[in-house]
Amino acid sequence: MTEKIILHLFGYSVFIALMVTVSKAHARRWNRLAAKYRADQRPTRQVTPVVAKRTMQTVFLTGRDIGWNSYKGIVTVSVGDDGILLSLMPPFSFFHPPLQLLYRDIHMEPTRWGLISNCWRYTVTGVHDVQIVMHDDLHEWIQNQAAALVPATTV
């Protein structure tokens with residue numbers, strides 16, 4: 001009886017250790033961005049107040065190394081005064097802290113990614129080896145929300 005319990009505990013611990021290792025390896029590009037743009041550890045400035053939020057979005061992280069990371073339907077994109085806040089839904093947020101990308105640090109360009117023709121590539125100033133790729137409709141939504149935040153100038 002105790003042998004079965006020990007074998008089950010060993011099997012479960014091996015499975016959990018494998019899942020944690022895979023999750024940590026999957027988060028390498030996200031953590032490169034988090035090293036500079038982590039939202040919850042900003043002592044010098046506050047996290048951007050959220051004006052608009054869109055849940056269950058898809059973004060891809062690509063880099064100079066082989067492969068990409070697909071976050072399909074698990075990303076929450078929030079737009080604020082200073083920038084864009086990206087966060088993953090629990091339990092996927094384990095090893096993936098929220099990111100706050102400042103508008104002034106983002107370079108956007110239209111791109112074709114894989115078989116998807118209407119995409120945008122976001123490159124941030126602080127991390128050149130990781131790009132964020134998103135569909136055109138999400139990019140347009142971000143642009144519309146950011147444009148609505150700019151106060152109208154009177155002539």
Exercise. Can LYS4 be described as under 15 Å from the mean Cα position of the chain (by Cα), of a type outside the set (Phe, Trp, Tyr) and either at pLDDT 90 or above or assigned to a helix (DSSP H, G or I) (or both)?
Worked result: no
For this session: Look through the stretch 11-55, keep the residues that are of a type in the set (Ser, Thr, Tyr) and modelled with pLDDT of 70 or more, and return whichever of them is surrounded by the most Cβ atoms within 10 Å (Cβ to Cβ).
Result: TYR37
Problem set entry | Subset of the stretch 128-150 (residues that are free of Cβ contacts under 8 Å to residues at least 40 places away in the same chain and in a strand (DSSP E or B)) | HIS128
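Please work out which residue is nearest to LYS36 (Cα to Cα), limiting yourself to the stretch 100-127 and to residues that are at pLDDT below 85 and assigned to a strand (DSSP E or B). Give the derivation first.
At the first step, the residues of the stretch 100-127 found to be at pLDDT below 85 are 112-117, 126.
Cutting the leftovers down to assigned to a strand (DSSP E or B) gives us 112-113, 116-117.
On the way: ARG112: 27, TRP113: 25, ILE116: 29, SER117: 30 Å.
Per the stated criteria, the residue is TRP113.
Do the conditions hold for SER70, that is, is it in contact (Cβ under 8 Å) with a residue 12 or more places away in the chain and of a type in the set (Gly, Ala, Ser)? Steps first, please.
On the way: in contact (Cβ under 8 Å) with a residue 12 or more places away in the chain: yes; of a type in the set (Gly, Ala, Ser): yes.
Taking the combined requirement at face value, the residue satisfies it.
The values are calculated or read from the model by the stated rules, or taken from the named source; none is laboratory data. Here the structure is a predicted model, which is why all the values come from computation and not from measurement. FYI the Cβ positions are ideal-geometry reconstructions off the backbone, even for glycines, and counts take in every protein chain you see.
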